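**Q** Please find one structure pasted underneath; my questions will follow.
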Amino acid sequence: MARPTVVLLHGVGLDRSVWEPLTELIGGRYDVVALDLPGHGSRQPVSAGITLSDLADGVAESIPAGAHVVGFSLGALVAQHLAVHRPDLVRTLTCVSSVCDRTPDERTAVLARLRVAESALAASSEASISRWYDGTDVPEQIVAHTREVLLANDEESFLACYRVFATADAEIAPHLGSIAVPTLAITGAEDPGSTPEMSRRLAAAVPGASAVIVPGARHMLPVQDPAALAAHLTAFIGESAHV
């Protein structure tokens with residue numbers, strides 16, 4: 001009997017390596033497919049004007065039908081788009097550290113971060129590192145790797161994808177109610193950008209969805225507490241298999 005497939009989609013400015021700690025924990029149970037989003041990692045840079053739909057189309061051909069799709073941050077918005085427009089690919093949907101239907105204040109904050117990135121990408125990357133890791137016990141070599149990945153981005157491509165991250169939650173929000181697969185929204189209790197309230201907002205918008213808040217975790221849940229994420233993910237997939 002074939003093992004279930006779990007597809008992992010990373011966040012903006014990162015690459016599939018962010019999933020290595022989780023893959024080590026769940027790889028014995030599932031066939032794990034960690035993909036680079038268009039404009040990231042091994043993929044070619046993208047141009048200004050790329051859309052959420054473009055990002056989703058850029059990974060859809062690599063996702064087998066009926067996969068358990070897990071998206072982190074920007075990857076969660078891509079996963080939501082797939083669940084709405086390509087439900088044949090998505091058996092379950094897990095949104096890790098996802099934004100959702102930002103309030104005016106939340107949108108103002110992310111657009112301010114985008115303006116910083118447009119004028120000083122290195123400073124923006126360092127601010128992200130601080131926002132994601134300050135006060136955590138994540139090993140320095142992992143923090144250094146994250147910094148290296150961020151700084152290796154093609155600037156125009158990164159900014160194009162960041163604009164999608166900063167705006168596409170408003171685009172997908174009206175369609176969340178049409179998602180018909182089991183859905184989990186999970187984030188860290190200390191995440192300042194993809195807040196617990198956003199995960200609760202997402203769970204309220206998707207029929208039958210649930211929200212889990214991981215104590216003590218910030219934004220980089222896949223590397224800060226992969227054990228908690230693995231435990232909640234495997235329990236969710238196991239429960240969904242009996243729905």
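**Q** Hey, can you tell me all the residues within region 27-59 that are more than 17 Å from Gly11 (Cβ to Cβ), small (Gly, Ala, Ser) and either at pLDDT below 95 or over 16 Å from the mean Cα position of the chain (by Cα) (or both)?
**A** Gly27, Gly28, Ser47, Ala48, Gly49
**Q** Let me ask you something else. Please determine whether any residue of region 87-99 is in a helix (DSSP H, G or I), open to solvent by 40 Å² or more (accessible area, probe 1.4 Å) and farther than 24 Å from Asn153 by Cβ. Even if it seems obvious, please write down each step before you answer.
**A** Taking region 87-99 first, the residues in a helix (DSSP H, G or I) are 87-89.
Next cut, open to solvent by 40 Å² or more (accessible area, probe 1.4 Å) only: 87-88.
Cutting the leftovers down to farther than 24 Å from Asn153 by Cβ gives us 87-88.
Yes; the residues of region 87-99 include at least one that is in a helix (DSSP H, G or I), open to solvent by 40 Å² or more (accessible area, probe 1.4 Å) and farther than 24 Å from Asn153 by Cβ.
**Q** Could you please find all residues in region 182-209 being open to solvent by 10 Å² or more (accessible area, probe 1.4 Å) and in contact with a Pro (Cβ under 9 Å, 6 or more places away or on another chain)? Break it down into steps so the answer makes sense when it comes.
**A** To start, the set of residues in region 182-209 that are open to solvent by 10 Å² or more (accessible area, probe 1.4 Å) comprises 182, 189-190, 192-193, 195-197, 200-201, 203-205, 207-209.
Across region 182-209, the qualifying residues are Ala189, Glu190, Gly208, Ala209.
**Q** Restricting to region 165-175, count the residues that are farther than 15 Å from Gly49 by Cβ, buried (at least 19 other Cβ atoms within 10 Å of the Cβ) and out of contact with any Cys (no Cβ under 8 Å at 6 or more places or on another chain).
**A** If we filter region 165-175 for residues that are farther than 15 Å from Gly49 by Cβ, which is where we start, we get 169-170, 172-175.
From the residues that got through so far, the ones that are buried (at least 19 other Cβ atoms within 10 Å of the Cβ) too are 169, 172.
Now drop any that are not out of contact with any Cys (no Cβ under 8 Å at 6 or more places or on another chain), which leaves 172.
Going through region 165-175 one residue at a time, the tally reaches 1.
**Q** Would you mind finding the one in Gly216, Gly208, Gly188 that is touching a helix residue (DSSP H, G or I) at 6+ places or on another chain (Cβ under 6 Å) and more than 17 Å from Val6 (Cα to Cα)?
**A** Values: Gly216 fails: touching a helix residue (DSSP H, G or I) at 6+ places or on another chain (Cβ under 6 Å); Gly208 fails: touching a helix residue (DSSP H, G or I) at 6+ places or on another chain (Cβ under 6 Å).
When all the criteria are applied, what remains is Gly188.
**Q** Restricting attention to region 72-79, does a residue exist that is more than 19 Å from Val164 (Cβ to Cβ), open to solvent by less than 20 Å² (accessible area, probe 1.4 Å) and polar (S, T, N, Q)?
**A** Looking only at region 72-79, we keep the residues that are more than 19 Å from Val164 (Cβ to Cβ), and these are none.
So far as region 72-79 goes, no, none of its residues is more than 19 Å from Val164 (Cβ to Cβ), open to solvent by less than 20 Å² (accessible area, probe 1.4 Å) and polar (S, T, N, Q).
**Q** On to the next question. Restricted to region 18-70, and to residues that are of a type in the set (A, V, I, L, M) and assigned to a loop (DSSP other than H, G, I, E, B), which residue is surrounded by the most Cβ atoms within 10 Å (Cβ to Cβ)?
**A** In the first step, residues of region 18-70 are kept if they are of a type in the set (A, V, I, L, M); the result is 18, 22, 25-26, 32-35, 37, 46, 48, 50, 52, 55-56, 59-60, 63, 65, 67, 69-70.
Among the residues that remain, those that are also assigned to a loop (DSSP other than H, G, I, E, B) are: 37, 46, 48, 50, 63, 65.
Values: Leu37: 26, Val46: 21, Ala48: 9, Ile50: 18, Ile63: 21, Ala65: 11.
The selected residue is Leu37.
**Q** Now a separate question. Looking at (1) among the β-branched types (Val, Ile, Thr); (2) at pLDDT below 95; (3) closer than 19 Å to Pro139 by Cα, which is the one condition that is false for Val223?
**A** (2)
**Q** Starting from region 121-144, take each residue that is in contact (Cβ under 8 Å) with a residue 60 or more places away in the chain and more than 14 Å from Leu221 (Cα to Cα) and list its partners that are open to solvent by less than 60 Å² (accessible area, probe 1.4 Å) and not in a helix (DSSP H, G or I), counting only C-beta distances under 7 angstrom and pairs at least six apart or across chains.
**A** From region 121-144, no pairs qualify.
**Q** While we're on this one: Can you name the number of the only condition in (1) closer than 25 Å to Ala170 by Cα; (2) in contact with a helix residue (DSSP H, G or I) (Cβ under 6 Å, 6 or more places away or on another chain) that Ala109 fails?
**A** So the condition that Ala109 fails would be (2).
Conditions (1) open to solvent by 50 Å² or more (accessible area, probe 1.4 Å); (2) within 20 Å of Met198 (Cβ to Cβ), marked per residue:
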{"residue": "Asp105", "(1), (2)": "yes, yes"}
{"residue": "Val143", "(1), (2)": "no, no"}
{"residue": "Glu148", "(1), (2)": "yes, no"}
{"residue": "Glu156", "(1), (2)": "yes, no"}
{"residue": "Arg163", "(1), (2)": "yes, yes"}
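The values are calculated or read from the model by the stated rules, or taken from the named source; none is laboratory data. Please read all numbers here as calculations on a predicted model, not as lab measurements. In this analysis, Cβ positions are derived from the backbone assuming ideal geometry, glycine residues included, and neighbour counts consider all displayed protein chains. Note: accessible area is taken over every heavy atom of the protein model, side chains too, but ligands, DNA and RNA are not part of it. Shrake-Rupley method; radii C 1.70, N 1.55, O 1.52, S 1.80 Å.
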